[in-house]
Structure formats: C-alpha cells, structure tokens
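Report on one structure; see the data block that follows.
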Amino acid sequence: MLNNLPRFQGTITVPGDKSISHRTLILASQATGIVKISNLLESEDVFRTMNALKKFGIRIFKKNKDYVVYGMTVGGLENIKGTINCGNSGTTARLLMGLLASYPSKLKFLGDKSLSKRPMKRVINILREFGATSIPKEKNYLPFTFLGSVMGLPNHYKLQVPSAQLKSAFLLAALNTSGISTIEESFETRDHTEIMLKYLGAKISIKKKKNNKIIKIFGKMPLDAKNLKVPGDISSAAFMIVLGLISKNSVITIKNTLLNPTRTGILDVLKNMNAKIKIKNKKIICGEIVGDIEVKSSILKATSVPKTMSPRLIDEYPILFIAASFAKGISYFEGIEELRIKESDRIQSMEDGFKSLGIKLNTTKNSLQIKGEQSFNLNHKIKIDAKGDHRIAMSFYILSQVLNTKFQIKDFNYVNTSFPTFTKTINRLRN
Ligand code: S3P
C-alpha cells in the first residue's frame, strides 16, 4: 500500500472566512446605505445568519458573484419576533443574540442536535446589562425564548473565557446602546469584529496593556456603507495545509488566505514541528492581513502546545492532532477544555476516531497527548462518527486521503456548514 500513496499538488483558493462572513452580513445590516460583499462564504452556517437578517427587514440579494446588503442603520432592524433556526451555527446564535439584545425583540432561538448541546448562558449573562434575558431565565441550552430591550445601559465587562463570539456579542449590543461600553480580554481572541467596526468608521478605540486588551465603543454612532471583501478562510486552508505536509511529494499553494495573527497559531505550531511553510504576497484587505501560503511535504517532529496558544488555533486542533499522529515523538496539547463544547466534544470525537484506527490517545478533561508514527490499523472497515461536527469529518477525511483508504464517515454532510467545496478542492489537488 505504501508505494501507492497519492500526492497532492496545485494552486487553490479556499472559500471565504466563516467568521468574517457572518460579521460582514451583520455589520452591513447596521450600515447607513448599501454594502457590497465579495467572496462571502456560501455555506449553511452563513446562510443561517443571512436568513435571520432577512426576516428582520434587511434586503440581501446576490448580484453576479457578490452579495448586496441594504443597511438599515444602527438600530434600524424591524419586526424582531418569530423563530430563528441557527442550525449548527454557534456564531449565528451568539452574535445575533448580541445584535438583538438592544432591540425590542422577543423570539425563539433553535439549533440542531449539536448546537442544542452548546452553552448559551455565557452569552445571555454578558448581555443582561444591555437589557437582554432568556425565558426560562437560567436555561443554558437552546431552544429558549430570547428577549431584548431598549432599556439597556452601557456596560463594562472583563471576559472570563477566551471567546470571540462572546466579545462580539458584547460589541454588537454596545453598538446600539447609548453611551460608552468597554470590554477587556486577557487572552487575545480573533478580532474581526473590532477590525470591521473600525473599517466601517465606528467610534471604537483599542488599547493593549501587557496581555490585556481594552476595547471601548461609543454606542448609537453610524456605520459607513463601505464595500467588504472576505479573505479565504485559514481554518479551511488548515486542512489543505496538513494534507500537503503529511502526504508524500506534495506542494500546495493556497492563495488569498486570511493571515490575521489571532488566527495563525496553526502556522506557528506547524513551523515548530519543522513544517515547510512559506508565506507570500502579504497585503491588507479591509483591515485584515491576507496572503498566499505554500506548503511542501515535510518530516514533522512532535510539539508541545501551551494553553496560551489555544485562542489562536481553537478550530484547528482536530486537524493538528492528525498532523501530530505523523510526527516523530509525543505531542502534548494543554488548556484545550473549550474543545469539549464545540460542535462536538472534539477531544472525545478525535479520541474515538483514532481508536477505530488502532491509535490510542491520552486525554484528560483539558489536555491531549498523542504518540506520532504509530501504524494505523486499516485491516477492517473504518467507521468514524463526526457527531454533527464538520471539522471532525474533514480531519478524518484528510487522513483517509493521505492513507489512500476509504473511511465511512457518519455526518459527513456537516462539511457543508463551512466548506461545501471541500472534496472538490482535494480532488483538484490529487494526482
Ligand atoms: C468564532 C469564534 C470561536 C470559534 C468559532 C467561530 C467566531 O468560538 O471556535 O468557530 O466567529 O467568533 P468561541 O468564541 O466560542 O471560542
């Protein structure tokens, strides 16, 4: 079998960044005028956000390859009632709760089987000062009724967990609340909301003090209707990067990819593992750093990833564990407890998947250890359960490609939540 392994070569792009796509739609809806969005990610998660905004009176339509959003100004949404089905998308649920906290609103939030197991009280608690609550009040999981109000007050908050969704929910609530609100974080999480707000002329200031970042935002100030371009998603590119690194004789270039430092932890960790990665053509688009990533087959060595890195590669751990299974030595990942409350319990899902390949991991509630270069047991039908989690499905699919062995992956269709062209992109590289 080893002689027949495929190689992967070529130049590709990956679809638009998921986090940025949600934010373009939400912030465009609050702009004063018409916003054109290019390279929006056309995936199930992003369509959940789009459909919700349409319900609240925002006109959004596709024109050629772009989307056009008719902004209704800060505070301009209407008719905020009924039901919002967020599907698999935590970002839709948490960011929309933030947006609607300072609007008179009463609506039911729902999610699919995976989203209905993910904590929501953490976002409601941040939004209470702004006037929001849930019914029942202490319910942690969807479905529940969400109430927003115009009675909210500006707010000061120190983030207790490193979560960009919580930070963004806060900033969106503050945007439509009179007065100055501030939020402080001590682990830097992805900052696309701040960058986009600044780009659209919001009155926002960001100060960094040692490890602390303090964001101050003035509410009820207008947002400019400037066109937005979404860079390629580094979290999607991560699958192609690892594919190139762990397969033989491969060279892959991924063009126009987001290189925001709050998202490039995967590149730093892989480089530490001796990965051959080069960055080219760096530029700034709508305030975000973008560039091309070139990867070549590499002989990886094991690594230790501390807790402080986790916000910068939170969505990339599953595919990083696949990379670690090819590295020489024992890799250790700590401070990863947030993985337990993603689209699935990602520590458990990866452990279960590897187990069906004869690979044992050592895990605790917040860490994972994996010995690389073990031999995979492929002498039986390999069945993986992705448990409604796109990144688990894609991680094991990459492994199946590198090993040139078919895996049966349950819930593979969840790939459509973030990367609908995933298999097509791999097929283009395979030769
Ligand atoms: C996201 C933030 C992260 C990430 C998620 C997208 C965002 O979640 O895992 O896929 O767009 O803000 P948390 O904020 O819960 O860490």
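The values are calculated or read from the model by the stated rules, or taken from the named source; none is laboratory data. For clarity, every value in this text was computed on a predicted model and none was experimentally measured. FYI the Cβ positions are ideal-geometry reconstructions off the backbone, even for glycines, and counts take in every protein chain you see. Quick note on the areas: whole protein, heavy atoms, side chains included, nothing else; ligands and nucleic acids left out. Shrake-Rupley method; radii C 1.70, N 1.55, O 1.52, S 1.80 Å.
Can you list the residues of region 11-36 with backbone N under 11 Å from a point 7 Å past the Cα of ARG430, pointing along Cα to Cβ? Backbone N within reach: none found. Put the Cα centre of region 293-368 next to the Cα centre of region 1-77 and the gap is 29 Å.
Carbon and sulfur together cover what percent of the accessible area of the chain at a 1.4 Å probe radius? Ligands and nucleic acids excluded, carbon and sulfur reach 51 percent. Spread over its residues, the convex hull of the C-alpha atoms of region 18-222 is 101 Å³ per residue.
Given a Förster distance of 30 angstrom, what is the FRET efficiency for ASN404 paired with ILE284, based on the Cβ-Cβ distance and rounded to 0.05? E(calc), rounded to 0.05, equals 0.15. The count of lysine pairs in region 1-81 with alpha-carbon distances below 14 Å, taking only pairs 8 or more places apart or on different chains, stands at 6.
Taking LEU243, LEU175, LEU361 as the candidate residues, the one with maximal mean-square fluctuation in a Gaussian network model of the chain, Cα springs under 10 Å, is LEU361.
For the set SER38, SER236, solvent exposure ranked by accessible area (probe 1.4 Å, protein chains only) runs largest to smallest as SER38, SER236. For the chain, the Cα gyration tensor yields ellipsoid semi-axes of 37, 22, 20 Å (square root of five times each eigenvalue, largest first, whole Å).
Expressed per residue, the C-alpha convex hull volume of region 183-318 stands at 113 Å³. For a straight C-alpha distance cut-off of 20 angstrom, the lysines reachable from LYS117 (same-chain residues fewer than eight places away being disregarded) are LYS108, LYS137, LYS139, LYS342, LYS365, LYS387, LYS410. With respect to the cross-link table entries LYS210/LYS328; LYS248/LYS328; LYS207/LYS278; LYS278/LYS307, which display a Cα-Cα separation exceeding 24 Å? Check vs 24 Å cut-off fails for LYS210/LYS328; LYS207/LYS278; LYS278/LYS307. A Cα-only calculation for region 28-106 places Rg and Dmax at 12.2, 35 Å. Accessible surface of VAL68, taken over heavy atoms with a 1.4 Å probe and every protein chain present, rounds to 20 Å². Using C-alpha pairs under 8 Å with a sequence gap of at least 6, the mean separation divided by the residue count of the chain gives a relative contact order of 17 percent. Using a Gaussian network model of the chain in which every pair of alpha carbons under 10 angstrom is joined by a spring, one finds that among ASP66, ASP233, ASP345 the greatest mean-square fluctuation is at ASP66.
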